[in-house]
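Just passing along the structure, written as structure tokens.
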Amino acid sequence: MHRRSFIKKTAVIGGAYAIAGTTTLAHATSPQGTPWFNRSMRWAQLAFVETDPGNYDPDFWLDYFKRLHADGVLLSAGGIVAFYPTQIPLHYRSAWLKDKDVLGYLVAGCRKMNMSLILRTDPHAARQNVYEAHPDWIHTNFNGEKRKHWANPDLWVTCALGPYNFDFMKQVNQEIMARYQPDAIFSNRWSGHGICYCEHCKRNFQTFSGNDLPRSTTGNNSTAMASGDKNDPAYRKYVEWRTERLRELWFLWDSEIRKQKATARFIPNGFPDKLVTGKHSDFFFADQQARSGVIPPWSNGKHAKELRATMGMKPQVGIFSVGIEEKNRWKDSVQDNAEIKIWVAEGTANGLLPCFVKFGGQIYDKRWLSTVEKLYQNYYKNEKYLRNLNPLARVGVVYSEQTDKNYGDKEWQKNYSDHSNGVYHALIEDRLPFEMVNDQLLDAEYLKPFKLLILPNIAALSKAQCNQLQKFVEGGGSLVATYTTSLYDEAGKQLPDFGLSNLFGVSYDQGVEGPMQNSYLRLKSDATTGKFHPVLKNLEEAYRIINATHRVKVKPNLSFPSPVTLVPSYPDLPMEDVFPRKPDTEIRELYLREVGKGRVAYIPGDLDRTFWQILSSDHGQLLRNTFRWALNEEPMVEVKGPGVIDVTTWQQQNSMTVHLVNLTNPMMLKGPFRELIPVDTQVSIRVPANKKVIGVHLLLSGQKPAFELKNNLVNLQVSQLTDHEIIALDLG
């Protein structure tokens with residue numbers, strides 16, 4: 001299958017949406033002989049504890065899988081504990097296993113139901129006998145101390161990059177494959193926990209780089225994770241070596257597994273480079289199990305979109321925990337059912353195949369069981385509408401791993417992820433379908449589906465990347481960029497001017513101002529016509545709004561409109577002195593221009609980051625207006641009504657779907673949801689130009705709604721949207 005198959009399946013003709021014909025892709029309805037990784041749609045995971053054998057009821061789980069219509073399963077097998085009668089010396093067998101093979105019983109039962117089978121290992125810790133036999137297999141801190149496990153002091157942390165994984169775990173994988181012939185082996189915590197200074201790591205890094213391992217800035221005791229300063233060249237070299245070493249390990253395990261079963265795969269639980277993940281994975285587990293702290297529920301969808309940017313339409317399974325994922329790690333807990341529903345809805349709406357994970361085979365709290373069962377049964381009933389071929393978004397948000405690695409040492413560069421989060425949240429509030437775009441994949445083929453690219457402070461860009469963006473705009477695409485976008489090369493070295501200066505129409509003026517106290521944005525109509533620019537929609541009565549906290553100083557090289565200008569900082573105390581020294585200036589804080597059929601908006605302030613940090617509704621409105629102005633075409637879907645609703649759009653073989661996820665809740669930004677608050681929405685869907693609507697369904701509520709088809713628009717009401725609804729349009 002093409003590396004990003006949905007690109008060739010979506011065309012835009014004169015601003016109208018067109019869906020391609022019935023080309024057979026890997027996600028079409030599964031014919032006989034379809035690889036296992038393109039077949040299974042609903043997954044279950046049991047992560048056993050050592051005492052499970054003989055104490056849990058495997059028949060209960062087999063019956064539950066059957067009721068769910070689960071067609072894929074992930075079961076713990078070996079590593080720190082073997083849940084089968086292993087014959088490998090030093091591979092610790094569960095003391096509760098005795099002479100039974102409970103794992104084999106469960107495997108046989110799953111196979112009878114024709115489920116895809118993945119077996120899980122965990123190589124990150126070992127017992128005292130391993131330490132005594134091979135102390136060189138154990139993670140070593142900078143001071144030479146062997147590292148005890150931070151959560152269980154009876155265990156030792158293993159070195160991920162040495163013989164324990166490359167030799168010992170290779171044998172474990174081979175034994176598991178020989179005994180059970182699974183479709184894949186999935187390895188948890190396989191990639192290590194900070195810089196290891198064991199003899200193997202020292203020698204291998206010296207061979208790779210000619211240097212000693214960098215000294216860690218943290219983690220010089222037995223419990224902390226050793227890490228380094230990302231601005232230290234030696235540490236950057238270490239990151240490069242670690243990535244290469246993990247890739248070598250991945251390919252070793254995968255090749256050995258395929259020798260025993262050609263269709264089988266090794267699946268790493270995460271890899272430090274999404275580009276490598278996308279290139280080499282046929283199938284991937286997105287292991288973001290639940291939210292904690294102030295993580296928003298849409299982060300599950302964001303993670304999926306970032307992976308899809310490199311994986312294309314290869315299957316991604318979203319592991320979700322039925323338990324709480326806070327830092328105190330209550331692993332036997334149960335999450336609120338409303339929270340489970342929203343987290344799974346966000347994953348499903350954004351293309352993840354669901355996979356619940358239960359820690360331990362024994363059940364202490366049954367309240368989640370019926371919730372997951374109902375979700376899965378609904379997904380099973382509507383499976384053909386969940387076999388997505390392509391997303392139908394016209395907006396792409398660029399994310400940059402190279403910026404994340406090479407940027408952030410200066411105070412005004414801190415909290416880099418807040419730029420992306422601000423843009424993401426603004427788009428959610430705007431209900432505008434969008435995808436994520438990896439900055440390493442900006443060639444014309446990858447960008448073909450998009451009319452608008454948004455660059456939330458994509459600071460580090462190479463000349464080649466800037467040229468690709470230039471060609472995108474020359475070809476009729478539009479661009480919105482913020483703050484220091486393109487002010488640094490791919491290695492994070494500051495440039496004398498923006499790499500995209502020609503597109504922005506401005507040059508860097510040798511400085512960044514901030515943090516700014518008590519600064520504002522002056523909003524004004526055109527001096528000649530008296531009309532307000534579209535970027536000021538719903539802000540016409542606001543003479544001024546609060547500014548961002550930082551701004552890049554720039555010099556315009558062209559003539560620009562001036563809808564948004566700077567009101568410089570002025571004293572905020574004493575109260576008698578709180579008045580602007582310059583109520584208005586000619587310094588623009590939003591640069592807007594048209595380039596052929598495309599549009600470019602450059603925002604010199606950190607408006608996106610500030611929006612995420614303080615959630616000013618004015619900032620959100622200004623960002624959304626700017627996106628809509630730059631897009632310059634009618635969106636495929638319009639959703640009207642109260643609340644916060646995530647909207648995604650998909651093409652299937654003979655249909656298209658619009659997912660609505662209702663995030664309206666006082667607990668949206670600090671979970672868990674306690675209840676679901678219904679909202680009523682009015683939805684308009686632009687029908688693809690080459691298709692005819694022959695049916696409209698509300699899949700999750702099971703309704704066939706009344707709808708109106710007029711001027712190529714389907715209009716319908718979705719009443720009492722609680723957590724998730726899927727509008728399906730059957731197309732002829």
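Please treat every number below as a calculation from the coordinates, not as lab data. Computed from a predicted structure; not experimentally measured. Positions of Cβ are generated from backbone atoms using ideal geometry, with glycine treated the same way; all protein chains shown enter the neighbour counts.
From Cα coordinates alone, what are the radius of gyration and Dmax values for the range 528-579 in angstrom?
Computed over the Cα atoms of the range 528-579, radius of gyration and Dmax are 14.5, 40 Å.
About the Cα centre, and with charges only on the beta carbon of Lys, Arg (+1) and Asp, Glu (-1), how big is the dipole of the range 395-631? Nearest 20 debye, please.
Computed charge dipole of the range 395-631: roughly 580 debye.
Got the relative contact order for the chain handy, in percent, Cα pairs under 8 Å and 6 or more residues apart? Write down the numbers at each step before the final one.
Working: 1558 pairs, mean separation 89.3, N = 732.
Computed over the chain, the figure is 12 percent.
Taking the Cα centre of the chain as the origin, how large is its charge dipole in debye, to the nearest 20, when only Lys and Arg (+1) and Asp and Glu (-1) carry charge on their Cβ atoms?
On the way: 87 positive and 78 negative charges, 331 e Å.
Dipole of the chain, to the nearest 20 debye: 1600 debye.
Here's something else I'd like to know. Among Tyr483, Tyr543, what is the fewest-to-most ranking by other Cβ atoms within 10 Å?
Tyr543, Tyr483
Toward the positive end of the charge dipole of the chain, about the Cα centre and with charges on Cβ (Lys, Arg +1; Asp, Glu -1), which of Gly598, Leu392, Phe673 goes farthest?
Leu392
Moving to a separate point now. What Kirkwood hydrodynamic radius do you get for the range 137-257 when you take the inverse of the mean 1/r over all pairs of distinct Cα atoms, in Å?
Final number for the Kirkwood radius of the range 137-257 is 15.2 Å.
Here is a follow-up. Taking the mean number of other Cβ atoms within 10 Å as a proxy for protection, how do you rank 198-208, 546-556, 467-477 from highest to lowest?
Averaged packing, sorted descending, gives the order 546-556, 467-477, 198-208.
Right, next: Could you work out Rg/(2.2 N^0.38 Å) for the range 395-631, with Rg from alpha carbons only? It would help to have the intermediate numbers written out before the result.
Numbers: Rg = 16.9 Å, N = 237, 2.2 N^0.38 = 17.6 Å.
Normalised Rg, Cα atoms only: 0.96.
Pick out, in residue order, every one of the GluC sites (Glu not before Pro) in the range 578-624 that is DSSP loop and has at most 10 other C-beta atoms within 10 Å; say none if there are none. Don't skip to the answer; put the middle values down first.
Values: sites: Glu586, Glu589, Glu594; in loops: Glu586, Glu589.
Filter output for the range 578-624: Glu586.
Something else about it: Mind running the shape call on the range 239-352? Use the C-alpha gyration tensor, a ≥ b ≥ c as the square roots of the eigenvalues: rounded below 1.5 for a/c, prolate if a/b tops b/c, oblate otherwise.
Prolate is the answer for the range 239-352, as a/c is 1.5 or above and a/b outweighs b/c.
Per the helix-only calculation at 222 nm, which mean residue ellipticity applies to the chain, given -39500 (n - 2.57) for every DSSP H run of n ≥ 4 and division by its residues, nearest 500 deg cm²/dmol?
Here the helix-only value at 222 nm equals -8000 deg cm²/dmol.
Here's another thing I want to ask about it. What pairs in Lys274/Lys302; Lys405/Lys493; Lys314/Lys471 have C-alpha atoms more than 18 Å from each other?
Beyond 18 Å: Lys314/Lys471.
May I ask which residue of Gln703, Val578, Leu275 lies farthest towards the positive end of the charge dipole of the chain, with charges of +1 (Lys, Arg) and -1 (Asp, Glu) on Cβ and the Cα centre as origin?
Gln703
Could you list Ser292, Ser40 so that the one with the fewest beta carbons within 10 Å of its beta carbon is first and the one with the most is last?
Sorted ascending by nearby Cβ count, the order is Ser292, Ser40.
Counting alpha carbon pairs within less than 8 Å and at least 6 residues apart, what relative contact order, in whole percent, applies to the range 361-491?
28
Report the one residue of Pro433, Gln653, Tyr235 whose Cα lies farthest in the direction of the positive end of the charge dipole of the chain (charges on C-beta: Lys and Arg +1, Asp and Glu -1; origin at the Cα centre).
Of the listed residues, the answer is Gln653.
Also, quick follow-up: Quick one: dipole size for the range 461-569, taken about the Cα centre, charges +1 on Lys/Arg Cβ and -1 on Asp/Glu Cβ, in debye to the nearest 20. The partial results should precede the final answer.
On the way: 11 positive and 9 negative charges, 30 e Å.
So the dipole magnitude of the range 461-569 works out to roughly 140 debye.
How big is the gap, in Å, between the Cα center of the range 666-732 and the Cα center of the range 398-442?
29
Using modelled backbone amide H atoms (1.01 Å from N, in-plane), which distant-in-sequence or interchain residues come within less than 5 Å of Ala460's amide H?
Long-range HN contacts for Ala460: Thr403, Ser486.
Across the range 37-141, how large is the tail of the calculated P(r) beyond 25 Å, expressed as a percent of all Cα pairs?
Pairs farther apart than 25 Å: 29 percent.
Mind checking Rg over Rh on the chain, alpha carbons, Kirkwood formula for Rh?
Across the chain, the Cα-based Rg/Rh ratio is 0.98.
Report, in listed order, any pair from Lys524/Lys553; Lys261/Lys374; Lys100/Lys259; Lys279/Lys448; Lys66/Lys261 with a Cα-Cα distance greater than 30 Å.
Over 30 Å apart, Cα to Cα: Lys261/Lys374.
Also, I was wondering about something else. Report the Cα centroid-to-centroid distance between the range 101-150 and the range 34-68 in angstrom, as an integer.
After rounding, the separation between the Cα centres reads 19 Å.
Counting other beta carbons within 10 Å of each residue's own, what order do Ser216, Ser701 fall into, fewest first?
Ascending number of Cβ neighbours within 10 Å: Ser701, Ser216.
Looking only at Cα atoms, what is the convex hull volume of the range 637-731 per residue, in Å³?
96
Per the Debye formula with a single identical scatterer at each Cα and no solvent contribution, what log10 I(q)/I(0) holds for the range 245-292 at q = 0.17, 0.20, 0.22, 0.24 Å⁻¹?
The Cα Debye sum returns log10 ratios of -0.54, -0.70, -0.82, -0.93.
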